[in-house]
Amino acid sequence: STIKSVTLKVRDVATTGSSSNPFGSMGNLAVDVVNGSFNGNVALEAGDFQATASQNAAFTIPNTLVNSWYSAAVPSTSFGYVNKTGVTQFRLRFTTPSNNNGAADYIALDSGDNTTASYWPQLVITYSVP
């Protein structure tokens, strides 16, 4: 198969911080990608946040909320990191690690733990078969 396009979508739950919108002081969300799993395990672990990515800051998700969803197209230069037969994991972080005000700034996003499957993060892949 040949990948034609890839879009990552994550659903907003809440924002917390010194302002009602951490994007304003922290920038967009940088997305790291790994072909496989961070830290060698598909379960979320503390070590995932320091684990090596296949590609750091492969793309960013801007502060554009549409019907409670943030989304961004994965650039074609990152298609090679999308595992066609197994797991692909993404790690999100603000492009600015701190605004140095001493207060926690974050957004809460739905995860696969939500009981409503339609709220889970989505990786939308368009492909063709030769």
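The values are calculated or read from the model by the stated rules, or taken from the named source; none is laboratory data. Note that the coordinates shown come from a computational prediction; the quantities given were computed from them, not determined experimentally. Neighbour counts are summed over all protein chains in view; Cβ atoms, including those assigned to glycine, are modelled from backbone coordinates with ideal geometry. Only protein heavy atoms, including side chains, enter the accessible area calculation; ligands, DNA and RNA are left aside. Shrake-Rupley method; radii C 1.70, N 1.55, O 1.52, S 1.80 Å.
Ordering ILE3, ILE61 from largest to smallest accessible area (1.4 angstrom probe), what's the sequence?
Largest to smallest exposure gives the sequence ILE3, ILE61.
Kindly identify the range 1-92 as rounded, prolate or oblate by the Cα gyration tensor criterion: order the square roots of the eigenvalues as a ≥ b ≥ c, call it rounded if a/c is under 1.5, otherwise compare a/b with b/c, prolate if a/b is larger, else oblate.
oblate
Could you give the dipole magnitude of the range 1-100 about its Cα centre, charging the beta-carbon of Lys and Arg +1 and that of Asp and Glu -1, in debye to the nearest 20?
About 260 debye.
Decide, for the range 65-130, between rounded, prolate and oblate: order the square roots of the alpha carbon gyration tensor eigenvalues as a ≥ b ≥ c, take rounded if a/c falls under 1.5, and otherwise choose prolate if a/b is larger than b/c, else oblate.
prolate
With a/c under 1.5 counting as rounded, go ahead and sort the range 44-86 into rounded, prolate or oblate using the C-alpha gyration tensor (a ≥ b ≥ c being the square roots of the eigenvalues; past the cut-off, prolate if a/b is larger than b/c, else oblate).
oblate
With the contact rule set at Cα under 8 Å and sequence spacing of 6 or more, what percent relative contact order holds for the chain?
It comes to 46 percent, rounded to a whole number.
Dipole of the chain (Lys/Arg Cβ +1, Asp/Glu Cβ -1, origin at the Cα centre): which of GLN89, THR77, SER25 lies farthest to the positive side?
Farthest towards the positive pole: THR77.
Which of SER54, GLY112, PHE38 sits closest to the plus end of the dipole of the chain, meaning its Cα is farthest towards the positive end, when Lys and Arg get +1 and Asp and Glu get -1 on the C-beta?
Final value for the positive-end residue is SER54.
What accessible area per residue comes out for the chain, rounded to a whole number of Å², with a 1.4 Å probe?
57
Counting each pair of different Cα atoms once, what's the Kirkwood radius of the range 1-47 in Å, rounded to one decimal?
14.3
Hey, what number do you get for the chain at 222 nm if only DSSP H runs of n ≥ 4 count, each worth -39500 (n - 2.57), divided across all residues, to the nearest 500?
-500 deg cm²/dmol
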